[in-house]
Amino acid sequence: MDYQRLLYDAISCGAPIILCVLGGNFAHKANVLNIALEGMLLMGAFTSVLFTMLTKNILLGILICILINLIWGIVFSVMCVTKKGNPIIAGLAVNMLATAICAFLLKVLGMANLNVNSIVNVAGLKIQIPVINQIPFIGGIISGHPLMTYVSFIAIFVMWVIMYKTKFGVYVRVVGENEDAAVSVGINVNRIRYIAVLIGAVCSALAGINLSLEKMALFTNDMSAGIGFIAIAAIFCGSGRPGLTSIYAIIFGLAQSLAINLSISAGAYSGLFNTIPYFMIVFILAVVSIIKMKNNRVRGFKNE
């Protein structure tokens, strides 16, 4: 196995997961379970390619993509925050609606997929980092990724600063931990939760852009392949902490990379290796749940 390629793919596969995780952390800390990350990511992937194709302009396609995802974030927020709906049901509705809209528009356009290779030069979007790209082995892993991949790793620190070093971050955590206390000191709980969800919507748009536009200049329906749900698993495992959740995201990215690289040489059995990331999720979730349960202490008498 080519270990350099394996680690390069791990970074590449981990980037969209990290972006979804970092955005979803704020909703998690504000006590909103953003199940809609999957649908937002898929919509981001679809609209970025669609509007790049229609406008013949990558930047304009990206801006419209982010705007549309903000609208999705507002729709989800209205259902869950304003109307106090069940976030799981609302999130699943957003996910199914996003999938249906993408499939419907592809049918209307008479296309099996959207291809913008004539507009977007995928190889040209890869950034070669001076000096680092000359380092043997390491250069081939770190250098040569598109912009959003590097943005995802820089965003880990940025989101940590916002979460723990700004007034907004304090408000988000207070709202999530004790809503009554937040209201008593004059914090607009709904506004904080709206902003938290919208941060996730923007990050999901960037993840979709990375997944479809930057890496392949191509969109196929259901290409998100559960990345949003993987991100939710990482958020749960890391308890919404930017650094820890990002580590889990990278682990899941490594599992996806392993599946890709093993399937290349597996021939007819290649499909079996596609299950590796999902087995990894189940295993890590089980281990983290056991650890969390062991850390709980029952005080006083236990009612039978």
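The values are calculated or read from the model by the stated rules, or taken from the named source; none is laboratory data. Values in this document were obtained by computation on a predicted structure and should not be read as measured data. Positions of Cβ are backbone-derived with ideal geometry, glycine not excepted, and every protein chain shown enters the neighbour counts.
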| Being surrounded by 13 or more Cβ atoms within 10 Å (Cβ to Cβ), within 20 Å of residue 247 (Cα to Cα) and either modelled with pLDDT under 90 or small (Gly, Ala, Ser) (or both), is that true of even one residue in segment 147-165? | yes
| said: When you scan segment 71-83, do you find a residue that is exposed (fewer than 15 other Cβ atoms within 10 Å of the Cβ), β-branched (Val, Ile, Thr) and farther than 29 Å from residue 57 by Cα, even just one? | reply: yes
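Each row is one residue, and each column tells you yes or no for (1) in contact (Cβ under 8 Å) with a residue 12 or more places away in the chain; (2) under 21 Å from the mean Cα position of the chain (by Cα).
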| position | (1), (2) |
| --- | --- |
| 41 | yes, yes |
| 44 | yes, yes |
| 54 | no, no |
| 99 | yes, yes |
| 104 | no, no |
| 108 | no, no |
| 112 | yes, no |
| 136 | no, no |
| note | The helices (runs of 4 or more DSSP H) lying entirely within segment 124-227 that contain at least 2 residues which are closer than 16 Å to residue 19 by Cα are 147-165, 189-208
| request: Collect the residues in segment 176-202 that are surrounded by 19 or more Cβ atoms within 10 Å (Cβ to Cβ) and more than 23 Å from the chain's Cα centre (by Cα), keeping them in residue-number order. | output: 182
| If you go through segment 228-242 one residue at a time, do you hit one that is more than 19 Å from the chain's Cα centre (by Cα) and part of a helix (DSSP H, G or I)? | no
| query | Can you find a residue in segment 90-105 that is assigned to a helix (DSSP H, G or I) and over 21 Å from residue 221 (Cβ atoms)? | reply | yes
| Given the conditions (1) buried (at least 24 other Cβ atoms within 10 Å of the Cβ); (2) without any contact (Cβ under 8 Å) to a residue 24 or more places away in the chain, and given that residue 248 satisfies all but one, which numbered condition is not satisfied? | (2)
| query | Do the conditions hold for residue 85, that is, is it assigned to a loop (DSSP other than H, G, I, E, B) and over 18 Å from the mean Cα position of the chain (by Cα)? | reply | yes
| request: Among residues belonging to segment 26-70 that are among the charged types (D, E, K, R) and farther than 19 Å from residue 191 by Cβ, point out the one that is surrounded by the fewest Cβ atoms within 10 Å (Cβ to Cβ). | output: 56
